[in-house]
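Presented below is the structure to which this report refers.
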Amino acid sequence: MSLSDPVGDLLTRIRNAQSARQTKLVSPASRLRADVLEVLKREGYIRGWRIEDVRPGIKNIHVELKYSEGEPAIKEISRVSKPGRRVYSKIKELPKEYNGLGISILSTPRGVMSDNEARAANVGGEVLCRVF
């Protein structure tokens, strides 16, 4: 089954798993999803992730969610740039999410990175999602 928005599907799976208080979730694997999950892991929003071969040519990503005293580490996660409306931002115009408490995940020419990493590298790009 093909998806028109694989990142949106991943974010929805994360939201649904956290609302059901699940500790793990499974999603079809792709390089962009793995890059987004790596940023979430570096920023401390998830415990970890790994790729598992289901059969030749088919892979799944297993994500371990993070909770603190029963509350999910991710309070809000939303898609910004969608297939019907791409949102790009220059680095100087990129707002701080929740006054610096949250992050934006960007797809830049140097790879997928958080807004803080993009500011340090002085590159802009497509704003994939917003996390708090």
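The values are calculated or read from the model by the stated rules, or taken from the named source; none is laboratory data. Owing to the predicted nature of the structure, the values given are computational and were not obtained by experimental measurement. All Cβ positions, glycine included, derive from the backbone under ideal geometry; neighbour counts span all protein chains shown. Quick note on the areas: whole protein, heavy atoms, side chains included, nothing else; ligands and nucleic acids left out. Shrake-Rupley method; radii C 1.70, N 1.55, O 1.52, S 1.80 Å.
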Q | Test for VAL127: is it part of a helix (DSSP H, G or I) and either open to solvent by less than 20 Å² (accessible area, probe 1.4 Å) or at pLDDT below 95 (or both) | A | no
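For the range 3-62, which positions are hydroxyl-bearing (Ser, Thr, Tyr) and either open to solvent by 30 Å² or more (accessible area, probe 1.4 Å) or under 17 Å from MET113 (Cα atoms) (or both)?
Those that are hydroxyl-bearing (Ser, Thr, Tyr) and either open to solvent by 30 Å² or more (accessible area, probe 1.4 Å) or under 17 Å from MET113 (Cα atoms) (or both): SER4, THR12, SER19, THR23, SER30, TYR45.
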Q | Test: GLU71 is surrounded by fewer than 16 Cβ atoms within 10 Å (Cβ to Cβ), more than 22 Å from THR23 (Cα to Cα) and not basic (Lys, Arg) | A | no
**Q.** Any pair with Cβ under 9 angstrom, 6 or more apart, that starts in the range 18-44 at a residue that is touching a residue at least 60 places away in the same chain (Cβ under 8 Å) and farther than 17 Å from ILE74 by Cα and ends at one that is outside any strand (DSSP E or B) and aliphatic (A, V, I, L, M)
**A.** LEU32/VAL7; LEU32/LEU10
(Q) Of everything in the range 74-120, what is surrounded by 13 or more Cβ atoms within 10 Å (Cβ to Cβ) and of a type in the set (Gly, Ala, Ser)? Give them in sequence order. (A) SER81, SER89, GLY102, SER104, SER107, GLY111, SER114, ALA118
